[in-house]
Amino acid sequence: AMERYDSIRERPAITKDGTRVKLTMNAGLMADLPSLAGSGAEGVGLFRTELQFLIRNQMPRRGELAAIYGRVMDAAGDKPVVFRTLDIGSDKVLPYMKPQDEPNPALGWRAIRVALDLPGIMKMQLQALIRAANGRPLSIMFPFIAQATEFLAARDHVMRAIEREDRLGHPLPSDLKIGTMLETPSIAFAARQFFELTDFVSIGGNDLKQFFFAADRENERVRRRYDTLNISFLRFLEQIAERCADTNTPLSFCGEDAGRPIEAVTLAAIGIHSLSMRPASIGPVKHLLLRTDLAELKQVIVEAGNDGRMSARSSVMEYLAQNNQ
Ligand code: PEP
Ligand code: MG
């Protein structure tokens, strides 16, 4: 499927009206790495580290993880890789951890909540990441941050890990970025200071949409019920983009919607100019971005809202069809 887009693989995604959109890929397994070159991805915008924990029947060791992370960075070369720390719980259960019996796993003990309560695993993982970087740049993000204090506590663990590695004589990363996954509506409304402190924000659209509409992403009955191009949701995303622009906080989007061309150009039109997706989506998304005038598309979205539409989808599709014939 990727061959169809061979001719644009090395081209940057610049829209018809001149906006540069950064396209990166999501990964998590060693098998994903060849796609870095094959897809034209500008880096790995989301490395889901839990996959390495989920495919084993016992907790991986620090050395083992460091070797894996090192190989990911080697494969990426000069391209950036954003490592998301362990995101377990809810739909992702480790075979060697006691399963939790929770009435509402999606709202339960998961992701950063587990990491902050049982910091041993996260400390081990942070050490492995710092050692794998071995003097190269390192970018880390924390999943499921629902309030600023969780980010601060997690960031503190990174700082302590850095100090420890320094004491032990290991080389420190040449550059360190510590970011937040925005997956709950609460953090979108955090104080300005939070946006100034986090080095970047990445919207986890799968979870964010689930919580915005209160529609379980695992429940077939409700998971496709609400359109990503729903006007309320787009207005919410646009506010996030404005807050980030206002504080110069780099913003990206890494949920599945980033890899759907119509959703992707819509996200770009409302001000999200960095998208991370499965590798096979980069070609089709870039193809549409190259032909789209984001300012015109933005106007179409605003008008759909002003006209009282529930979703911008039909207006966006009509515009794209006229524009691309
Ligand atoms: C998300 O929630 O959008 C996301 C990228 O993380 P995951 O799908 O792994 O929960
Ligand atoms: Mg998520």
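The values are calculated or read from the model by the stated rules, or taken from the named source; none is laboratory data. Small disclaimer: the values here were computed from a predicted structure and weren't measured. FYI the Cβ positions are ideal-geometry reconstructions off the backbone, even for glycines, and counts take in every protein chain you see.
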Tally, over the stretch 217-252, of residues that are within 13 Å of ligand 1 (Cβ to nearest atom) and either farther than 23 Å from VAL300 by Cα or among the hydrophobic types (A, V, I, L, M, F, W, C) (or both): 4
Contact list please: Cβ distance under 7 Å, first residue in the stretch 184-208 and within 16 Å of GLU242 (Cα to Cα), second residue assigned to a loop (DSSP other than H, G, I, E, B) and of a type in the set (Ser, Thr, Tyr), pairs at least six apart or on different chains. ARG192/THR247; PHE195/THR247; PHE195/THR249; GLU196/THR247; THR198/THR249; PHE200/THR249; VAL201/THR249
Tally up the residues in the stretch 189-211 that are within 14 Å of ligand 1 (Cβ to nearest atom) and either more than 17 Å from PRO137 (Cβ to Cβ) or β-branched (Val, Ile, Thr) (or both), please. 10
In the stretch 16-42, which residues are under 17 Å from the mean Cα position of the chain (by Cα) and small (Gly, Ala, Ser)? ALA27, GLY28, ALA41
Could you tell me whether any residue of the stretch 238-261 is away from ligand 2 (no atom under 16 Å from the Cβ), touching a Pro at 6+ places or on another chain (Cβ under 6 Å) and of a type outside the set (Lys, Arg)? yes
Being more than 30 Å from ALA37 (Cα to Cα), modelled with pLDDT of 95 or more and of a type in the set (A, V, I, L, M, F, W, C): is that true of LEU297 here? yes
Quickly run through the stretch 108-140 and pick out the residues that are within 16 Å of ligand 1 (Cβ to nearest atom), aliphatic (A, V, I, L, M) and under 22 Å from ALA76 (Cα atoms). ILE140
Scan the stretch 106-116 residue by residue and report those that are outside any loop (DSSP other than H, G, I, E, B), touching a residue at least 12 places away in the same chain (Cβ under 8 Å) and more than 19 Å from LEU152 (Cβ to Cβ). ALA106
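Condition check: buried (at least 19 other Cβ atoms within 10 Å of the Cβ) and closer than 18 Å to VAL72 by Cβ. Does PRO143 satisfy that?
When the stated conditions are applied, PRO143 passes them.
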Tell me, which residue of the stretch 216-255 that is β-branched (Val, Ile, Thr) and buried (at least 18 other Cβ atoms within 10 Å of the Cβ) is nearest to LEU182 (Cα to Cα)? ILE240
So which helices (runs of 4 or more DSSP H) stay within the stretch 1-105 end to end and still have 3 or more residues that are touching a helix residue (DSSP H, G or I) at 6+ places or on another chain (Cβ under 9 Å), in contact (Cβ under 8 Å) with a residue 60 or more places away in the chain and not acidic (Asp, Glu)? 35-39, 62-76
Looking at ILE121 and the list (1) under 17 Å from ARG61 (Cα atoms); (2) within 16 Å of ligand 2 (Cβ to nearest atom); (3) surrounded by fewer than 19 Cβ atoms within 10 Å (Cβ to Cβ); (4) not small (Gly, Ala, Ser), which single condition is not satisfied? (2)
